[in-house]
Amino acid sequence: MKKTLGPVFLVLFLLLSVKTVFAQHQKIIEPYTKNFQYLDSLITADSANAKAYSDYVYILRRGGLYLVRSAIKNNGWTLRVKAQDTIGARPVLFLFKATGQTVNPGRMFYVYGSVVLKNLVMDGIFEPDPTNIAYMQGSLVNQNAAGFSITMDSCMLTNTNGNHVRTDKAPTVVKITNCLFANMGYLGTSNLGAGKALDLRAGSCDSLIMVNNTFVNSQDRIVRHYSSTANIKYMKFDHNTIVNSMSYHGMLSLGKVGKNMQITNNLIYDGFALGNDTDKVRQVEYSDSKEYDVRGNPRMSWVIAEPNDTTAWTITKNFYVVTTASQTWYNKYTANGVTGEGAPLTWKINKRIGADSTKTFTKVTDLTLTAIPKLMTTFMDWYRSPTGANKTKNTTGMTNPWSAAYDYDRRSYTYFTDTLKCTYSSASAAYMGADKGYPAGDLNWFPALHTKWIKGDAIGITDIPGGLPLTYKLDQNYPNPFNPSTNISYSIPKASNVTLVVYNSIGQEVVTLVNNQMQSAGNHKFVWNGKDGSGRLVASGVYFYQLRTNEFTVAKKMLLLK
């Protein structure tokens, strides 16, 4: 009788086979040594046999240094590069001017297919040689074929003179999460209109998703889709932190836009540093809005888009800070046309949002970031100086030409990976000002909260031990009267979508504490800190709190006394 594998052995055999199949599609690449090839040479060698390597994952060693002397390419297949799934420093990739080259490579990844990058540090200059900054070029990730996607997670990108990420054709999805963008722009080899995080150029984009990222030190825009020929059909720009951005031609320059655009829960810290101005050279690329100032020049705003009557804009719970250094600089040039931080939105977007447009961006003065570079006021002084740039993009032929002495507070990649800290005090109005009571801005700076956010938990909700309730119930808050915090307890007999809202005495919504969140059966408690939806402490008075589920609605009264 012919023997066969028993069920247990068959399962083990299949598992081992699957493991072997997946293992053969991972290729570990060792760090650079004097006798080792460049990273681009190793991957490019595979690209000649694209079909065989289309499901490869290139694994780079933690703590390893890798040199790139020509752009890494693919053509129609997905390029995947990531760090080892272990603990340790991320691998660092440097653009490198090899023997015979006059400048650094223009790009690190120049892709004609989809690209997936995870847990990498990408640096546009070879930092061990300080003179290499003179050879800085334009991009780190550049896509030049339509119909493909860019996915980046937990990466750090620094030092390009143009744009860290750029699409020259029409991508399907651009998804950038948990990344840090630093040192965007270098006037030594480019102009002031360069220095962007993401440049979508003129093409369409089905979905643009940028969540939990930090942007530090930029000359120009965080997103450029200026003078576009097709829509960003959907955008989610959520829980990002922007620090020290000159915003030469704007901050979020979105061009043509589609049905749904979301800008939510972000923190902007000196994010429009050059201010609202009467500078014609700057204003020319604000023209997408079709709005003009009293002099007939394009009106400046942080968010710019071509006007339409179909886009649904969700812009809420964003916070911004104008530091003392920034305000002092604005005051210095008030007589020369600088009128402060300017307007966040175009008139058209304001009109589309309606009455809630007053809640889109909240200015706070109680927030200081823990460890960040200095604001680039010396650079901005040179830009406005009649003997410097004299409010032009020019970098040569001036009485006082630009030099490294006027550069922004450019830091090394090790500073950004080891020292930068964009945390802030829990006493700030922004700390519980985002959706579900989370801090505004990049939640990676608050790791424990980031973990809760990923799970979908709301801050402030705790479960109360005890048996399962038989009925829905909303308890009287305690203490009552209160100042400034109070406990709101409720019971639900079965899993339900729960909404908990606070209203003032005339029925206006003050804050949504729980927003249609699925909760398990049991007894729950929410601690309200006495702040409204913008993170500001509310005034003394009578308030009502309402519990809603699909089957039950009830409200109770409470009193805040200061």
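Readers should treat all values here as calculations from the given coordinates under stated rules, not as data from a laboratory. In this text the structure is predicted, and so the values were computed from the model without any measurement. Cβ sites come from the backbone with ideal geometry, for glycine too, and all protein chains shown count toward neighbours.
Quick notes on this structure:
- Applying a DSSP loop filter and a limit of 15 other Cβ atoms within 10 Å to the chymotrypsin sites (Phe, Trp or Tyr not before Pro) in segment 366-411 leaves nothing.
- Note on Gln327 and Asp457: the extension gain reaches 43.1 nm, defined as 0.36 nm multiplied by sequence separation minus the Cα-Cα distance.
- Put simply, the convex hull of the Cα atoms in segment 412-562 casts, on average, a shadow of 10.1 nm².
- Given the alternatives (1) 32.7; (2) 27.7; (3) 34.2, mean projected area of the Cα convex hull in nm² as computed for this entry is given by (3).
- When each of Ile43, Ile506, Ile349, Ile29 is scored by the number of other beta-carbon atoms lying within 10 Å, the sequence from fewest to most is Ile506, Ile29, Ile43, Ile349.
- Between the beta carbons of Gln26 and Asn144, assuming R0 = 41 Å, the FRET efficiency works out to 0.95 to the nearest 0.05.
- If R0 equals 60 Å, the separation of the Cβ atoms of Leu559 and Asn390 corresponds to a calculated FRET efficiency of about 0.50.
- 3J(HN,Hα) couplings calculated from phi for segment 538-550 with the Karplus curve 6.51 cos²θ - 1.76 cosθ + 1.60 (θ = phi - 60°) are, in sequence order, 7, 7, 4, x, 8, 10, 10, 10, 10, 9, 10, 10, 5 Hz; Gly and Pro show x.
- Per-residue Cβ neighbour rank within 10 angstrom, fewest leading, Asp309, Asp153: Asp309, Asp153
- On the beta carbon distance between Lys169 and Ser403, with R0 = 30 Å, the FRET formula returns roughly 0.20.
- Ala521-Thr423 pseudo-label distance in nm [points 7 Å out on the Cα-to-Cβ vector]: 4.1
- Taking label positions 7 Å along the Cα-Cβ direction at both Tyr415 and Gln84, the computed distance is 3.0 nm, reported to one decimal.
- Spin-label pair Asn480/Glu551, simplified geometry with 7 Å Cα→Cβ offset, distance in nm: 2.4
- When +1 charges are put on Lys and Arg Cβ atoms and -1 charges on Asp and Glu Cβ atoms, the dipole computed for the chain relative to its Cα centre reaches about 820 debye.
- Lysines whose Cα lies under 23 Å from that of Lys556, excluding same-chain neighbours fewer than 8 positions away: Lys436, Lys473, Lys494, Lys525, Lys531
- Neighbour cut-off at most 15 other Cβ (10 Å), DSSP loop, trypsin sites (Lys or Arg not before Pro), segment 219-300: Lys290, Arg295
- ³J(HN,Hα), Karplus 6.51/-1.76/1.60, whole Hz, each residue of segment 488-493, x for Gly, Pro: 10, 10, 8, 10, 10, x
- Extension gain (nm, one decimal) between Ala312 and Ser227, 0.36 nm per residue minus Cα-Cα: 28.5 nm
- Each part gets one Cα centre, and for segment 473-540 versus segment 139-178 those centres are 41 Å apart.
- Shown for Tyr431, Tyr112: other C-beta atoms within 10 Å of each C-beta, ranked fewest to most, produce the order Tyr112, Tyr431.
- Net charge of neighbours whose Cβ lies under 15 Å from the Cβ of Ala430, counting Lys and Arg as +1 and Asp and Glu as -1: 0
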